[in-house]
1. Restricting to segment 106-135, count the residues that are assigned to a strand (DSSP E or B) and open to solvent by 50 Å² or more (accessible area, probe 1.4 Å).
2. Mind counting the residues in segment 136-153 that are touching a helix residue (DSSP H, G or I) at 6+ places or on another chain (Cβ under 9 Å) and open to solvent by 40 Å² or more (accessible area, probe 1.4 Å)?
3. Tell me which residues, restricted to segment 9-19, are touching a strand residue (DSSP E or B) at 6+ places or on another chain (Cβ under 6 Å), modelled with pLDDT under 85 and open to solvent by less than 80 Å² (accessible area, probe 1.4 Å).
4. Filter segment 167-183 down to residues that are among the hydrophobic types (A, V, I, L, M, F, W, C) and assigned to a helix (DSSP H, G or I) and give me whichever is surrounded by the fewest Cβ atoms within 10 Å (Cβ to Cβ).
5. Could you list, ordered by first residue, the pairs with Cβ atoms under 9 Å in which the first is in segment 1-14 and closer than 15 Å to Arg80 by Cβ and the second is part of a loop (DSSP other than H, G, I, E, B) and polar (S, T, N, Q), at least 6 apart or interchain?
6. Out of all the residues in segment 69-90, is one or more over 30 Å from Gly161 (Cα atoms), open to solvent by less than 90 Å² (accessible area, probe 1.4 Å) and among the basic types (Lys, Arg)?
7. When segment 154-165 is examined, which residues are found to be surrounded by 14 or more Cβ atoms within 10 Å (Cβ to Cβ) and touching a residue at least 60 places away in the same chain (Cβ under 8 Å)?
8. Could you tell me whether Lys32 is over 23 Å from Leu147 (Cβ atoms), among the charged types (D, E, K, R) and surrounded by 16 or more Cβ atoms within 10 Å (Cβ to Cβ)?
Amino acid sequence: MNGIKAKILMDPEVVPVYQPIPVPLEEALDRKLDEMLKRDIIEAKTGPTSWVSPLVVVGKLNGELRLCLDLRRVNEAVLREHHPMPSVVEYLAKLGRGQLWSKLDIKEAFHQIELDVDSRDATTFITQRGLYRFKRLPFGLVTAPELFQKAMDETLSGCEGTVWYLDDVLVEGKNVQEHDKRLEQVMM
């Protein structure tokens, strides 16, 4: 999502913490870190930092690793924006007018949002290779769903026949022509 940046506002009254954690999956973790560096999702952290969170490595069904941060302590300091999240009732009320539907699922949705430079230190984490921080909105941050929903609202608000909730987008049309025109608008 080009042009959209997420800024994490922190409560200055909360004292930052440094939380190291040993990681037993070093070889697989090295590969994942290299991949995330190459894809510009994370960057090496140099210089002083107040926040250092432990890394949580989760195995996915396909055998790959998902790197998550244990941001519980950081989340205590995050000032929430409280962007409205649509309810199921609101979502369902917008459906059912079409005859043809497409469902889109945004891959690694939160990573589509660039993290404001001033907000990156709050996402610093420790590995056996040193410190890294996220350049993209990380999973586990208390405001990530709200910030992502807000970005989706801004991005798709003018798309007729389209409803979305976080990374799931549904496009409907009364016929193939209407559906395809709407789908093309969403994909742009």
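1. Keep residues of segment 106-135 that are assigned to a strand (DSSP E or B), which gives 114-115, 125-127, 130-134.
In the following step, the residues that additionally are open to solvent by 50 Å² or more (accessible area, probe 1.4 Å) were identified as 114.
Within segment 106-135, residues that are assigned to a strand (DSSP E or B) and open to solvent by 50 Å² or more (accessible area, probe 1.4 Å) number 1.
2. We begin by selecting, within segment 136-153, every residue touching a helix residue (DSSP H, G or I) at 6+ places or on another chain (Cβ under 9 Å); these are 136-145, 147-148, 151-152.
Among the residues that remain, those that are also open to solvent by 40 Å² or more (accessible area, probe 1.4 Å) are: 136, 139-140, 142, 145.
Total satisfying the criteria: 5.
3. Residue satisfying the conditions is Gln19 alone.
4. Step one: of segment 167-183, the residues among the hydrophobic types (A, V, I, L, M, F, W, C) are 169-171, 176, 183.
Filter again for assigned to a helix (DSSP H, G or I), leaving 176, 183.
On the way: Val176: 10, Leu183: 20.
Here the residue is Val176.
5. Final answer for the pair search is Ala6/Thr143; Ile8/Thr143; Leu9/Thr143.
6. Taking segment 69-90 first, the residues over 30 Å from Gly161 (Cα atoms) are 69-80.
This time we only want the ones that are open to solvent by less than 90 Å² (accessible area, probe 1.4 Å), so: 69-71, 74-75, 77-79.
Checking which are among the basic types (Lys, Arg) leaves us with none.
No, segment 69-90 contains no residue that is over 30 Å from Gly161 (Cα atoms), open to solvent by less than 90 Å² (accessible area, probe 1.4 Å) and among the basic types (Lys, Arg).
7. Within segment 154-165, the subset surrounded by 14 or more Cβ atoms within 10 Å (Cβ to Cβ) is 155-156, 159, 161-165.
Listed by number, the residues that qualify are Thr155, Gly161, Val163, Tyr165.
8. Numbers: over 23 Å from Leu147 (Cβ atoms): yes; among the charged types (D, E, K, R): yes; surrounded by 16 or more Cβ atoms within 10 Å (Cβ to Cβ): yes.
Yes: the conditions hold for Lys32.
The values are calculated or read from the model by the stated rules, or taken from the named source; none is laboratory data. Keep in mind the model is a prediction, meaning the values are calculated, not measured. Cβ: placed from backbone, ideal geometry, glycine included. Neighbour counts: every protein chain shown. The protein model used for the area step is the full one, side chains on, heavy atoms only, and it has no ligands, DNA or RNA in it. Shrake-Rupley method; radii C 1.70, N 1.55, O 1.52, S 1.80 Å.
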